[in-house]
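Data block below; observations after.
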Amino acid sequence: MKKDVTMRKNSFVKGAFITTLGIVISKILGILYVIPFHAIIGERGGALYGYAYTVYLFFMSLSTAGIPLAISKVVSEYQTLGYYGAKKRVFLLGKKISLLLGFVCFLIIMVFAPLLAKAVLGNVTGGNTVEDIAFVIRVIGTAILIVPVLSIYRGYFEGHRFMSPPSISQVVEQIIRVLIIIFGSLLALKSFNLSLTTSVGVALFGATAGAFAAYLYLAFKHMKNKKKFNERIRPVNEPFISNKVIIRKIIIYSIPFILIDIFKSLYNYIDMFTVVRGLVNSANYTAIDAETVYSILSTWAAKFNMIILAISTGVIVSLIPNLAESVVKGQKQEVNKKISQALSMLLFLTIPMTFGISFLAKPIWTLFYGSSKYGASILSYYIFVGLAVSLFTAGVTILQSLKDYKAVFISLATGVMVKFILNVNLLIIFHKMNFPAYYGVITASIFGYVTSFIVCLIILNKKYEINFEDCVNNFIEILCGSMLMALVLFILRFIVPITVANRLLNLVIIILYTIVGIVTYFIYTNKVGAIKRVFGRDLKKLLKRFN
């Protein structure tokens, strides 16, 4: 019988690598499709797409965000303790809870879509209408019926440390979604001569179709590998654990994760309700220009942040079951080590990538979208929001894994409060200082996320005695390596200019600068020993497995 290599259990570093690789591939697909999609629907269509997705992400947070990660954590705990019967019921009960929440959220979206659309536009006219926005919100709402169950399957696999199938399912989901986005919107607009609003609606339905395809894949993998899920590590006299206790545990574990996503969605909601009106009323932008800026912030520039966020998601998804196991076993030193390694890995990968994308914002934007009045300017700064979100998510998730829900809430609430207070005020201040007004909105987001992360670090250090000395040392060397990389790229500009109008030449420039940047960064970090300290002994095994 052939061995199913996709169902091997993975260690923390290997799991983080596999999960991150899957997420990065799916996010790359999510970035590449925007080239033709932007050409098809333009800035106005992008604004519509952004409105719908902001609403969708908020309700998806309510119905799914916390539960799969909670399932992963509870399954990992019961697997470690040998409670195999309870572990199975976690999966079944999780599906029922998610289905119920998903259906309730779906009904709310269908009923209240017009009210949400009206709240978005206020008294602004000249762009998309309330009816347009309500329609696309309702279309994307259909995905809420499928995504919850899909997320439960992913959490169940990850709780057993089977990281490959969930990662593959994300790639499957993205491929189907991208195909419908591109070909569906193109056929609707160009072949069938349907309206722009209908074409955007067809594209948004790709989320529903992609989720369904991924669900079918994971359901098949689960059915074919039932024996592996039923493997017993050791014989244990399992105590009876009632469904009530399991549901309570799932809910308690999921609430912080739900809060994380809701609070992250609140950042987008604050922008959705203030950016267009703020730019029109306080910075003298036209409605068209204001919606263009919002579409770039919410849709087009946000796509590049996905790559940064994919890395943090991969590290975090692998960290949760591993950290849960160490917490259950009372291994304080292991907890400290895993937290330090997770943060160091995150910094090692995200900081140079953020610097690189910011530096190459002009050719990247031209390659993907062509010339733009605001695009490159927004991207060069907005990419740092992705870095801030990555750190924020890691810090809050670590606190949640330690079951300090009060600290999680304090961190989340503090950051959102900073964003809420600063958003419009910084928009006005930046406008009065003759800087782009939208830089104020971006700065408010960065301040909010960084504030939450700093609160997390203070609590982890003071309350749990987590030592960040190694992390700080790694951060300094990573920052120095990233700055050296940026300096080398700056010098390279005098030899190979980065501002050209030809899109194909921009691709060549990006590849050249990327290779030079990566080589510079890795030579420096290898020379100072940062790579070995961050990845440890697993690095050689990881590279061998990757090959």
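The values are calculated or read from the model by the stated rules, or taken from the named source; none is laboratory data. Since the structure is predicted, the reported quantities are computational estimates derived from the model, not experimental observations. Virtual Cβ from ideal backbone geometry, glycine too; neighbours counted across all protein chains shown.
Which of the residues that make up region 277-297 are under 26 Å from Phe37 (Cα atoms) and over 29 Å from the mean Cα position of the chain (by Cα)? Within region 277-297, Tyr285, Thr286, Ala287 qualify.
Put simply, of Asn284, Asn237, Asn243, Asn225 the only residue that is more than 30 Å from Pro352 (Cα to Cα) and touching a Lys or Arg at 6+ places or on another chain (Cβ under 8 Å) is Asn243. Can you say whether Thr397 is closer than 23 Å to Asp271 by Cα, assigned to a helix (DSSP H, G or I), of a type outside the set (Asp, Glu) and in contact with a helix residue (DSSP H, G or I) (Cβ under 8 Å, 6 or more places away or on another chain), as far as the supplied structure shows? Here the answer is no, as Thr397 does not meet what is asked. The condition (being surrounded by fewer than 21 Cβ atoms within 10 Å (Cβ to Cβ), in contact with a Cys (Cβ under 7 Å, 6 or more places away or on another chain) and modelled with pLDDT under 85) is satisfied by just one residue among Leu21, Leu62: Leu62. Pairing residues of region 499-514 that are without any contact (Cβ under 8 Å) to a residue 24 or more places away in the chain with residues that are surrounded by fewer than 14 Cβ atoms within 10 Å (Cβ to Cβ), at Cβ distances under 7 Å and at least 6 apart in sequence or on separate chains, gives Leu512/Val496.
Looking only at region 28-37, filter to residues that are in a helix (DSSP H, G or I) and either modelled with pLDDT under 85 or out of contact with any helix residue (DSSP H, G or I) (no Cβ under 9 Å at 6 or more places or on another chain) (or both); which one of those is surrounded by the most Cβ atoms within 10 Å (Cβ to Cβ)?
Step by step, filter region 28-37, then rank; the result is Val34.
Yes/no per residue for (1) surrounded by fewer than 21 Cβ atoms within 10 Å (Cβ to Cβ); (2) under 28 Å from Val534 (Cα atoms):
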residue	(1), (2)
Ala388	no, yes
Phe392	no, yes
Thr397	no, yes
Gly415	no, no
Phe468	yes, yes
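The set of residues in region 82-122 being touching a residue at least 60 places away in the same chain (Cβ under 8 Å) and either of a type in the set (Phe, Trp, Tyr) or loosely packed, with under 14 Cβ neighbours inside 10 Å (or both) consists of Tyr83, Tyr84, Gly85, Phe91, Gly122. Mind listing whichever residues of region 425-445 are surrounded by fewer than 20 Cβ atoms within 10 Å (Cβ to Cβ) and in contact (Cβ under 8 Å) with a residue 40 or more places away in the chain? Passing the criteria: Ile428, Pro436, Tyr439.
Would you be able to say whether some residue in region 65-75 is in a helix (DSSP H, G or I), buried (at least 24 other Cβ atoms within 10 Å of the Cβ), charged (D, E, K, R) and at negative phi? Yes, because at least one residue in region 65-75 is in a helix (DSSP H, G or I), buried (at least 24 other Cβ atoms within 10 Å of the Cβ), charged (D, E, K, R) and at negative phi. Identify the residue in region 360-370 that is at pLDDT 90 or above and within 22 Å of the chain's Cα centre (by Cα) and, among all such residues, is surrounded by the most Cβ atoms within 10 Å (Cβ to Cβ). Result: Ile364.
For region 144-169, the tally of residues that are among the hydroxyl-bearing types (Ser, Thr, Tyr), more than 15 Å from Ala70 (Cβ to Cβ) and buried (at least 24 other Cβ atoms within 10 Å of the Cβ) stands at 2.
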